[in-house]
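Novice: Here it is, the structure, as structure tokens.
The values are calculated or read from the model by the stated rules, or taken from the named source; none is laboratory data. Values in this document were obtained by computation on a predicted structure and should not be read as measured data. Cβ placement follows ideal geometry from the backbone for every residue including glycine, while neighbour counts extend to all protein chains displayed. Please note that ligands, DNA and RNA were not included when accessible areas were found on the heavy atoms of the full protein model with its side chains. Shrake-Rupley method; radii C 1.70, N 1.55, O 1.52, S 1.80 Å.
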Amino acid sequence: MSEPAAHPGPLDGIRVLDVSTILAGPLVAQILGDYGADVVKIEHPTRGDGMRGHGLDKDGEPLWWKMISRNKRTVGLYLGSAEGADVFRRLARTADVVIENFRPGTLERWGLGYDVLSADNPGLVLLRVTGFGQTGPYAKRAAFGTLVESMSGFAHLTGQPDGPPTLPAFGLADSIAGMAGAAAVSMALYRRERDGAGQEIDLDLLSPIMTAVGPGVIYADQLGIDQERTGNRSNNNSPRNTYRTKDGEWVAVSTSADSIARRVMHLVGHPEVIDEPWFATGRQRARHADLLDEYVGGWIAQRTRDEVAAAFEEAGAAVAPVYRPSELLTDPQIRALDMITTVDDPALGPMRMQNVLWRMGRTPGRIRSTGRRIGEDTDEVLAEAGLSEGEVAGLRERGVIR
């Protein structure tokens with residue numbers, strides 16, 4: 001169980017309005033909330049955020065929602081009505097950050113553009129998350145992570161050389177953008193500390209994953225070549241692959257450092273290749289991957305996963321098991337650092353989930369609550385924004401809030 005932090009998180013005192021949906025925007029807000037921000041999740045009062053319907057549930061409780069909306073208070077508010085837009089504008093006056101991922105022009109159509117919000121609150125930071133950005137010929141296209149994973153070069157590089165381009169089995173582009181968005185908001189807040197002014201941030205899903213994919217663009221520009229799929233091998237070093245063990249498990253081996261490559265070949269009983277001129281650099285070794293994979297794969301196939309891991313550790317070489325999610329729950333390193341921690345959920349009791357992303361010595365993050373039900377904190381949040389009990393009751397009667 002995560003213990004309460006001895007000190008407030010680094011974002012203590014920062015208020016965030018999260019009006020975004022699947023997936024990057026909510027992840028930005030989750031990260032900010034993990035590090036102390038007061039995050040208010042604003043959802044449609046009847047439908048809620050589409051994230052509630054993503055993934056598996058237990059006893060009717062959506063499990064992914066429990067994680068992605070942790071540390072957030074929830075408000076059910078219909079922004080598409082004049083009354084709802086007015087309530088949001090009042091809430092934004094009390095906020096430091098607003099996170100949205102509507103199609104470009106939607107906030108403006110509701111009378112909630114940055115010109116309006118910043119006139120009320122000059123220090124406001126508005127993070128706008130879209131597939132392709134706020135301007136340009138693709139700006140108003142519908143976009144999901146799958147599309148930018150395809151366009152970024154990721155799918156082109158992923159999979160076996162003779163197989164199709166391969167997409168990830170999870171929200172990769174959204175997740176990378178979510179972490180990038182948290183950094184962007186933090187930079188904007190730091191700048192505001194110096195000059196007092198907020199700003200708009202235009203975050204598209206494509207840019208972060210294009211950066212993560214690596215040097216393909218500069219290779220195409222400077223050398224006129226496109227990288228191709230190499231499966232689990234690499235053009236930059238060898239041996240580098242996944243290998244099956246005697247007990248039917250899998251391990252991954254990497255030799256990005258030349259010294260590690262030498263240790264691996266000593267371990268698997270083929271030190272003679274170390275003296276070959278082509279063994280001197282990773283790029284040259286990659287051209288002899290068939291031979292090196294035969295040596296390494298043959299040695300690993302005669303041993304269990306535990307035996308392989310022990311031998312590699314003793315030799316100072318680099319190996320890791322190919323884990324199923326359930327195996328993460330028992331790994332000793334993950335347990336030692338509390339990378340997966342236990343939190344209490346009001347409906348389901350103790351549950352384990354990924355902990356905060358980094359460990360800060362003086363102002364640590366922590367999980368204070370799991371994702372809550374639609375509108376659970378509406379009255380409390382609106383009262384903080386100055387709405388009277390009568391106003392709140394009227395808005396509820398008219399279906400503007402829940």
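Novice: Percent of alpha carbon pairs in the stretch 271-368 separated by more than 16 Å?
Specialist: Value for the stretch 271-368 (Cα pairs over 16 Å): 73 percent.
Novice: Evaluate the charge dipole of the chain about its Cα centre and quote only its size in Debye, nearest 20, assuming +1 on the Cβ of each Lys and Arg and -1 on the Cβ of each Asp and Glu.
Specialist: With Lys and Arg at +1 and Asp and Glu at -1, about 180 debye.
Novice: Then there's this: Taking only C-alpha pairs under 8 Å that are 6+ residues apart, what is the relative contact order of the stretch 169-264 in percent?
Specialist: After rounding, I find 16 percent.
Novice: Leaving out ligands and nucleic acids, note down the accessible area per residue over the chain with a 1.4 angstrom probe, in whole Å².
Specialist: The answer is 50 Å² per residue.
Novice: In degrees from 0 to 90, rounded to the nearest 10, what is the angle of the helix 258-267 Cα long axis to the longest principal axis of the chain?
Specialist: Orientation of helix 258-267: about 60 degrees from the principal axis.
Novice: How high is the relative contact order of the stretch 294-402, in percent, with contacts defined as C-alpha pairs under 8 Å that are six or more residues apart?
Specialist: In percent, rounded to a whole number, it is 12.
Novice: Mind checking Rg over Rh on the stretch 210-355, alpha carbons, Kirkwood formula for Rh?
Specialist: The Rg/Rh ratio comes out at 1.08.
Novice: Separate question: Going Cα to Cα from residue 41, which lysines come in below 30 Å? Please leave out same-chain ones fewer than 8 positions away.
Specialist: Cα-Cα hits under 30 Å: 58, 66, 72, 140.
Novice: Cα centroids of the stretch 157-202 and the stretch 78-100: how far apart, whole angstrom?
Specialist: 24
Novice: Taking only the alpha-carbon atoms of the stretch 1-90, what semi-axes of the equivalent ellipsoid follow from 5 times the gyration tensor eigenvalues under a square root, in whole Å, largest first?
Specialist: For the stretch 1-90, the semi-axes come out at 23, 20, 10 Å.
Novice: Over the heavy atoms of residue 110, what accessible area does a 1.4 Å probe trace out, to the nearest 10 Å²?
Specialist: 70
Novice: Which order do the peptides 92-104, 167-179, 52-64 come out in when sorted by mean C-beta neighbours inside 10 angstrom, highest first?
Specialist: 92-104, 167-179, 52-64
Novice: Using only DSSP helix segments of four residues or longer, with each worth -39500 (n - 2.57), what per-residue ellipticity at 222 nm results for the chain after dividing by its residue count and rounding to 500?
Specialist: -10500 deg cm²/dmol
Novice: Can you give me the three principal axis dimensions of the chain from its C-alpha atoms, in Å, biggest first?
Specialist: Sorted from largest, the Cα extents of the chain read 83, 50, 41 Å.
Novice: Something else now. For the stretch 66-128, what relative contact order do you get, as a whole percent, if you take Cα pairs closer than 8 Å and at least 6 residues apart?
Specialist: 36
Novice: Further, regarding this structure: Karplus couplings for the stretch 165-177 from phi (6.51 cos²θ - 1.76 cosθ + 1.60, θ = phi - 60°), rounded to Hz, Gly and Pro as x?
Specialist: x, 10, 9, x, 8, 8, x, 5, 4, 4, 5, 4, 5
Novice: Against the longest alpha carbon principal axis of the chain, how many degrees, from 0 to 90 and to the nearest 10, is the axis of helix 305-315 turned?
Specialist: The helix 305-315 is inclined about 70 degrees to the chain.
Novice: Taking one equal scatterer on every alpha-carbon of the stretch 147-225, how large is log10 of I(q)/I(0) by Debye at q = 0.24 1/Å?
Specialist: -1.09
Novice: How much of the DSSP bridge set in the chain is antiparallel, in percent, rounded to the nearest 5?
Specialist: 40
Novice: Distance from the Cα centre of the stretch 274-294 to that of the stretch 117-155, in angstrom?
Specialist: 43
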